[in-house]
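Values in this text are rule-based calculations from the coordinates and carry no lab data. A quick note: this is a predicted structure, and the numbers were derived from the prediction, not measured. Because the Cβ atoms are built from the backbone with ideal geometry, glycine has one as well, and the counts that use them run over all protein chains shown.
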Amino acid sequence: MLYNGGHRSGETNLLLMTEPMAADNIFISKYAMTASLSYPVSPIFSASGAAMYMPDLNGFYAMPGLTWSAVTNLDLNLLLQFFQVKQDQTSLRLFRPYLQVKWSF
């Protein structure tokens, strides 16, 4: 659980996503519950996931991922990001896919 002690409830916190975070206000929500997991499906495939729930904003973030060890020292990682939050009359939904190529040397 994340507790944001510098949270200012009077501000529209969705606008904070476009500005640098201050040291006393590190997140858009006052509270956030997080979880993550990873599972090796086989020696060359693994699945992972992360999730976050923000109860005061009625929002969530989810990030499932798949990793494939293509060859020795080269991994391909497919990540999907889902984000939804509702505050007052404002609603925000995002979906972003990412492909990461990682070379280990």
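The residues of region 86-105 that are over 14 Å from Ser69 (Cα atoms), polar (S, T, N, Q) and surrounded by 11 or more Cβ atoms within 10 Å (Cβ to Cβ), listed by number, are Gln87, Thr90, Ser91. Among the residues of region 65-75, the ones that are surrounded by 14 or more Cβ atoms within 10 Å (Cβ to Cβ) and in contact with a Ser or Thr (Cβ under 7 Å, 6 or more places away or on another chain) come to 3 in all. Pairing each residue of region 32-58 that is within 15 Å of Phe83 (Cα to Cα) with any residue that is β-branched (Val, Ile, Thr) and in a loop (DSSP other than H, G, I, E, B), provided the two are 6+ apart or on different chains, yields C-beta distances under 8 Å for Met54/Ile28; Leu57/Ile28.
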